[in-house]
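**Student:** Here it is: the structure, laid out below.
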Amino acid sequence: MNISKNKIKFIHSLEQKKNRRQENAFIAEGHKTVGDLLLEGFEPLLIVHTEEWKSPIPLPSITEIIQASAEDLKKASLLLHPQQVIGVFKLPQEQHDFLGSVAEKEIVLCLDGVQDPGNLGTIIRTADWFGIKNIICSHQTADAFAPKVVQATMGSIARVKVHYTDIPAFLKSLPQGTPVYGTMLDGTDVYHETLSTNGVIVMGNEGNGITDEVRKLVTHKLLIPPYPADRKTAESLNVSIATAIICAEFRRINNVNNS
């Protein structure tokens with residue numbers, strides 16, 4: 001079955017945030033990412049696939065399904081090398097009210113202006129690896145459902161909930177005593193800090209770090225020290241790498257404390 005020019009145009013239109021919001025839909029590509037989204041209960045609106053692709057679950061009857069040739073799939077794809085399947089899924093409904101109580105019990109990531117799609121996708125994938133289920137993003141952070149971000153998550157977007165809100169207002173609404181960690185150059189060495197099993201970890205913009213307004217609400221400043229400390233080194237770490245190091249240390253120290 002051929003895929004129409006209008007359908008290709010529709011798929012390509014979802015590369016733009018305004019169209020994703022208008023259509024309440026986003027694109028995912030590849031058997032891993034599409035498969036994970038299906039398995040986690042995301043609602044598929046359109047599936048375009050080659051003969052080789054097999055769905056991991058029975059597709060809902062309301063889903064439009066188009067079996068296409070590899071050539072037609074390439075026309076519809078946003079990738080240089082398409083991977084058997086393109087899925088258009090309904091955007092998940094955002095919820096914010098419960099996040100304060102979540103931070104009382106577990107770790108929540110907070111991204112203050114992370115703008116690079118690759119960095120955001122890698123951070124979502126990292127959160128998934130370390131069992132962090134919720135990420136709070138400022139409105140200045142890249143859109144988690146942009147195609148480049150979804151692709152970079154390698155399926156983790158299916159398991160990690162990403163929420164957009166006003167970060168200072170969210171931090172001010174946290175239950176009293178909830179720790180708010182932030183990575184800063186004037187922070188305490190993370191390898192010598194007492195880290196909790198709950199709270200918020202704030203990571204800042206690639207170039208400017210954490211904004212001044214959010215910085216004032218951080219209760220525990222953390223530093224990832226260079227090694228050795230007395231030599232000239234890179235000015236800073238990539239934010240996705242820094243996030244991975246911080247998350248790993250939180251999990252390591254709490255595993256040690258609980259063993």
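**Student:** Mean residue ellipticity at 222 nm from the helices of the chain, using -39,500 (n - 2.57) per DSSP H segment of n ≥ 4 over the full residue count, to the nearest 500 deg cm²/dmol?
**Tutor:** Computed ellipticity for the chain at 222 nm equals -9500 deg cm²/dmol.
**Student:** Over the stretch 171-214, what is the relative contact order in whole percent, taking alpha-carbon pairs under 8 Å and six or more residues apart?
**Tutor:** Numbers: 31 pairs, mean separation 18.4, N = 44.
After rounding, I find 42 percent.
**Student:** Follow-up question, since we're still on this one. Compute the distance in nm between two label points, each set 7 Å from the Cα along the Cα-to-Cβ direction, one at Phe130 and one at Glu23.
**Tutor:** Using points 7 Å along Cα→Cβ, the separation is 3.5 nm.
**Student:** Could you sort Ser69, Ser138 by accessible area so the largest value comes first, with the probe set to 1.4 Å?
**Tutor:** Working: Ser69 55, Ser138 5 Å².
Sorted descending by solvent-accessible area, the residues read Ser69, Ser138.
**Student:** Leu222's amide H: which non-local residues (gap 5+, or another chain) put their own amide H closer than 5 Å, with H modeled 1.01 Å from N in plane and none for Pro or chain starts?
**Tutor:** Answer set, sorted by chain and number: Gly182, Thr183, Met184, Thr188.
**Student:** Counting alpha carbon pairs within less than 8 Å and at least 6 residues apart, what relative contact order, in whole percent, applies to the stretch 140-208?
**Tutor:** Working: 26 pairs, mean separation 17.9, N = 69.
Relative contact order of the stretch 140-208: 26 percent.
**Student:** Something else: Using 0.36 nm times the number of residues separating Thr194 and Leu39, minus their current alpha carbon distance, what extension gain do you get?
**Tutor:** On the way: separation 155, 0.36 × 155 = 55.80 nm, distance 3.75 nm.
So the chain would gain 52.1 nm between Thr194 and Leu39.
**Student:** Something else now. When the Cα atoms of the stretch 136-259 are enclosed in a convex hull and the volume is divided per residue, what value in Å³ results?
**Tutor:** Output value, Cα hull per residue: 142 Å³.
**Student:** Please tell me the relative contact order of the stretch 1-143 in percent, rounded to the nearest whole number, where contacts are Cα pairs under 8 Å and at least six residues apart.
**Tutor:** 25
**Student:** Could you tell me the calculated FRET efficiency between Lys105 and Tyr227, based on Cβ-Cβ distance and R0 = 35 angstrom, to the nearest 0.05?
**Tutor:** 0.55
**Student:** Same structure, new question: Sequence-distant or interchain residues sharing an amide H contact under 5 Å with Ile66, placed H: which?
**Tutor:** Residues meeting the criterion, in which the H sits 1.01 Å from N, are Ile47, Val48, His49.
**Student:** Sort largest first and round to whole Å: the equivalent ellipsoid semi-axes of the chain, each the square root of five times a Cα gyration tensor eigenvalue.
**Tutor:** Details: eigenvalues 282, 68, 57 Å².
Listed largest to smallest, the semi-axes of the chain are 38, 19, 17 Å.
**Student:** Can I ask one more? Relative to the compact globular guide of 2.2 N^0.38 Å, what is the alpha carbon radius of gyration of the stretch 1-148, as a ratio?
**Tutor:** Compared with the compact-globule rule of thumb, the stretch 1-148 sits at 1.12.
**Student:** Hey, another quick one. Heavy-atom accessible area per residue, the stretch 32-165, 1.4 Å probe: how many Å²?
**Tutor:** 46
**Student:** Calculated FRET efficiency, Lys148 and Gln16, Cβ-Cβ r, R0 22 Å, to nearest 0.05?
**Tutor:** For Lys148 and Gln16, the calculated efficiency is 0.95.
The values are calculated or read from the model by the stated rules, or taken from the named source; none is laboratory data. Source: prediction; values computed, not measured. Cβ atoms come from the backbone with ideal geometry, glycine included; neighbour counts cover every protein chain shown. Just the protein is used for accessible areas: all its heavy atoms, side chains included, with ligands, DNA and RNA removed. Shrake-Rupley method; radii C 1.70, N 1.55, O 1.52, S 1.80 Å.
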